[in-house]
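Here, each number is a calculation from the coordinates, and none is a lab measurement. The structure displayed is predicted, hence computed values, not measured ones. Because the Cβ atoms are built from the backbone with ideal geometry, glycine has one as well, and the counts that use them run over all protein chains shown.
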Amino acid sequence: MAEFAWDILEPEEGRYEFGLFDETIAAFGAKGIRTILCTPTAAPPRWLTAKYPEVLREDENGRRLFHGSRQHASHFSPVFREFSRRITRAMAEHFAGNPQVIGWQTDNEFHCHFSEDHSPAAARAFICFLESKYATIDALNCAWGTAFWAQTYRAFAEIETPRAHRPTWSNPAQELDYRRFLSDGVVAFQREQVGILRTANPRWWITHNGFFKNIDYAGAFAEDLDFLGYDSYPFFDLDPARRMRSQAFNLDHARSYGGNLLILEQQSGPGGQGHYLHDTPEPGEMRRMVWSSIARGADGILLFRERSCRFGAEQYWCGVLDHDNIPRRRYREAAQIGAELARVGARLLGTSVEVDIGIATGDFDAQHGHHPISHGLPCPKQSAETIHGYFFSRGHAVGCIHPSSPLDGVKVFFIPHMAVLNPAYVANWTGWVQAGGTLVIGARTATRNLENNVHGQTPPGPLRELAGVEVLEYGRQNRPDRRPLPMVMETDRSQIPTDRWYEALAPAEGTEIVATWGARHLRSLAAITLRRLGRGQVLYVGTWLDDPVLASLHSVLQSLGKAADPVSHHPEVEQVQRSGPGGSFRFFINHAETEIHLPLACGGLELLSDQPVLHSVKLEPNGVAIVEQRTPCCLKNQ
Ligand code: GAL
């Protein structure tokens, strides 16, 4: 509550009114519903922007944003920061003694609509950010390679934020630093609010609903919070045939930043504004989406939203109740979800999602370093989604893992073409491979340094030793239909089409060749290599990880005893296992419009019906079953 209510809480500068919220919190409390409050800073009121227009952000063309929607104020404006601290302090002190208030969401979806800032306040802050990062202008000139195109700066004061209105491409090192600066601004802005809230009441937990551009959620942002939150709107994917897959990826990607999540907004009705309106969730779909979120790591869910608003830009973002507030099928479905969670929720707490095949996601530098110099190739997140989709649709326990996270229990870990790669990760990966892990590195990885400049070392730079390979030559495949470049697998001489990119590889001594190139000047040169190290292996793939290449890698992984196809799989049934000290629970979620009977490798107690299931599980359309896995043989054996 209160995330967009600044004008009610502070109707004019310095005059605070909390009566409406006191009453509402008490009314909910009387019904056993406790409150999460939000700092209202995503929508500063008109009195503030009218009197202090300097708080408004500016876009990349130097145009000041007007009042009239939301997210219009600059996190770098000292004036806005002061108002943010004041309203946060006023709310924190007022509600500190209210036992019904259990926690807070900071702001709302930082950067969800607009993530840049070129206002004068941001420009000044950018200079301070650079001064504290580089200390001397020479160090900055060297890191940014400003000798190119005569960009050398004589003083920090000469530097501008990278605006759009220039004849052509900008400096990729400057671009990446600018995005880090934007992220730091959000972290600092949030940190002030968090500090005020924690001082007022240390019992409160604090979270935020992400995940958007130009914010590094994995570092200081997450450390300042108790846990991360996410807003899940699977119907943004307008293709119902893709939704199961995109929803799974988005939830897994969200979880990669900090483990289990709170879903602060879970789609409950059709959402729409401006030019779009989602499909309306059909009977059972809201419940199905909720259970998918829980299966994939949510420890709590709030439906967006209870009532559909009759006015404003989001009047068609429909919730559990329609505009007339008459309870209909969505209300009954929400009540069913509530009853089920009340019955089984506690069993699931303390468990986490099991992942066999991990994909590196969430790395700020790799993702944001890609865009200024992408060569029209998919970004690491898009590549991760392709890999995830390949294994997800074959029923594997695939998930996303931040590259700085430990890889215990993970069998295979994919690096999806992270051209900018932090060399600090390499030591962990080496230890994990030695202990039995299989690392799969996509082409182009580790070719640029953290400044977003090309490495002087032969690619894959800091990964050369671990991968046991060097890249002799690389190139973009722009028209593989005109110049096809198949790979030839060593095992069976099968030819695999490749797309987007090629690399001719030189394996080091002891590194094996898994595939060679089968055409043009590359014929017979290595295309995929394998280095054995300790009990594990490193596969280096000299082309893009698209479906045909993933299929051939899948066979290689199977021959290594990794990524065996699951025993019981149906293409329209999502299966996930959550395990922890309290037990191990396998979720079966039917995304089909028909009833499905799925054979089980082993049965157990089905939690929602409280009935044992033995050899098969019956799933109605949109149906869900959660089977407690009791015997060790079940635990990884479906
Ligand atoms: C979320 C946002 C909500 C509301 C909802 C529907 O992204 O946090 O405030 O805007 O989407 O658009």
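Computed values, structure above
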read-out	value
Per-region count, the range 128-155, residues under 22 Å from Phe76 (Cα atoms), surrounded by fewer than 18 Cβ atoms within 10 Å (Cβ to Cβ), in contact with a helix residue (DSSP H, G or I) (Cβ under 8 Å, 6 or more places away or on another chain) and of a type outside the set (Gly, Ala, Ser)	3
Strands (runs of 3 or more DSSP E) completely within the range 353-416 that count 1 or more residues being buried (at least 21 other Cβ atoms within 10 Å of the Cβ) and aromatic (Phe, Trp, Tyr)	412-415
Count - residues of the range 337-364 that are farther than 29 Å from His554 by Cβ and of a type outside the set (Gly, Ala, Ser)	9
Strands (runs of 3 or more DSSP E) fully within the range 558-619 counting 1 or more residues that are farther than 26 Å from Pro234 by Cβ and of a type outside the set (S, T, N, Q)	583-590, 596-599, 604-606, 611-613
Residue match in the range 272-283 (condition: surrounded by 22 or more Cβ atoms within 10 Å (Cβ to Cβ), small (Gly, Ala, Ser) and within 16 Å of the ligand (Cβ to nearest atom))	no
Qualifying residue in the range 287-300 (condition: more than 15 Å from the ligand (Cβ to nearest atom), under 24 Å from the mean Cα position of the chain (by Cα) and in a loop (DSSP other than H, G, I, E, B))	yes
Test result for Leu264, surrounded by fewer than 23 Cβ atoms within 10 Å (Cβ to Cβ) and part of a strand (DSSP E or B)	no
The range 201-238: number of residues that are closer than 29 Å to Arg287 by Cβ, assigned to a loop (DSSP other than H, G, I, E, B) and away from the ligand (no atom under 14 Å from the Cβ)	6
Tally of residues being surrounded by fewer than 17 Cβ atoms within 10 Å (Cβ to Cβ), farther than 11 Å from Ser74 by Cα, more than 15 Å from the ligand (Cβ to nearest atom) and of a type outside the set (A, V, I, L, M, F, W, C) across the range 101-125	1
Pair list, Cβ under 8 Å, 6 or more apart: the range 86-111 residue in contact (Cβ under 8 Å) with a residue 60 or more places away in the chain, other residue among the basic types (Lys, Arg) and away from the ligand (no atom under 16 Å from the Cβ)	Gln100/Arg34; Val101/Arg34; Ile102/Arg34
